[in-house]
Amino acid sequence: MYSTQKILPKDVLYWTNQWCIKELDQFIKQVILISAQKKSPSFSNQETDLFLKINNGIPFELQQKYNRLINKRDKSELTKNEYKELLRITDKVEQLEAKRIKYLSQLAKLRKTTLSNLMRDIGIKEPEII
């Protein structure tokens, strides 16, 4: 049972600061979903399913390993095996991102809008082209 006492955003920020990254990431995903539902409260089951898949993201452990190897690469400290591992992880990350784009495209089609408009509407920044 939840208390009826009003919880202020500053209190939420205080408590979330105590959490580990994994808990914080899960919380953020749930907040994004709640925000999207409030912006468009009449989600179909298909839209809800797509939002959950879109917000799934890269597993925490994989992201940590990727970041560590990128840092070593930037310092020119990678071994041959680490380089191979970085390539493998990069492939995996690209596969996950491709799936995410696929789900975003399906959601855009469902909502009869463009991918760019959908991403703007739900607060996802488009990648910069270099």
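The values are calculated or read from the model by the stated rules, or taken from the named source; none is laboratory data. Bear in mind the structure is a predicted one, so any value in this text is a computation, not a measurement. When we count neighbours, we look across all protein chains shown, and the Cβ atoms used for this are built from the backbone with ideal geometry, even at glycine.
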Checklist entry - For the stretch 31-73, how many residues meet the condition of being closer than 24 Å to LEU86 by Cα, within 11 Å of the chain's Cα centre (by Cα) and aromatic (Phe, Trp, Tyr)? => result 1
Item to check | Lone unmet requirement of (1) touching a helix residue (DSSP H, G or I) at 6+ places or on another chain (Cβ under 8 Å); (2) of a type in the set (Val, Ile, Thr); (3) within 30 Å of LEU110 (Cβ to Cβ) for ILE70 | outcome: (3)
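Give the residue, chosen from GLN95, GLN46, that is of a type in the set (S, T, N, Q), out of contact with any Leu (no Cβ under 9 Å at 6 or more places or on another chain) and on the phi < 0 side of the Ramachandran plot.
Working: GLN46 fails: out of contact with any Leu (no Cβ under 9 Å at 6 or more places or on another chain).
When all the criteria are applied, what remains is GLN95.
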Item to check | Count of the stretch 107-120 residues which are surrounded by 15 or more Cβ atoms within 10 Å (Cβ to Cβ) and either on the phi > 0 side of the Ramachandran plot or within 17 Å of the chain's Cα centre (by Cα) (or both) | outcome: 4
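Going residue by residue through the stretch 47-54, is there one that turns out to be of a type outside the set (A, V, I, L, M), within 20 Å of LYS109 (Cα to Cα) and in contact with a helix residue (DSSP H, G or I) (Cβ under 6 Å, 6 or more places away or on another chain)? Walk me through it before giving the result.
Initially, the stretch 47-54 is screened for residues of a type outside the set (A, V, I, L, M), giving 47-49, 51, 53.
Still in the running and within 20 Å of LYS109 (Cα to Cα): 47-49, 51, 53.
From what is left, the residues that are in contact with a helix residue (DSSP H, G or I) (Cβ under 6 Å, 6 or more places away or on another chain) are 51, 53.
So far as the stretch 47-54 goes, yes, one or more of its residues are of a type outside the set (A, V, I, L, M), within 20 Å of LYS109 (Cα to Cα) and in contact with a helix residue (DSSP H, G or I) (Cβ under 6 Å, 6 or more places away or on another chain).
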Checklist entry - Taking ILE21, is it at pLDDT 80 or above, within 24 Å of LEU96 (Cα to Cα), of a type in the set (A, V, I, L, M, F, W, C) and surrounded by 12 or more Cβ atoms within 10 Å (Cβ to Cβ)? => result no
Checklist entry - Among LEU50, LEU87, which is the only one that is at pLDDT 85 or above, more than 19 Å from ILE21 (Cα to Cα), surrounded by 13 or more Cβ atoms within 10 Å (Cβ to Cβ) and aliphatic (A, V, I, L, M)? => result LEU50
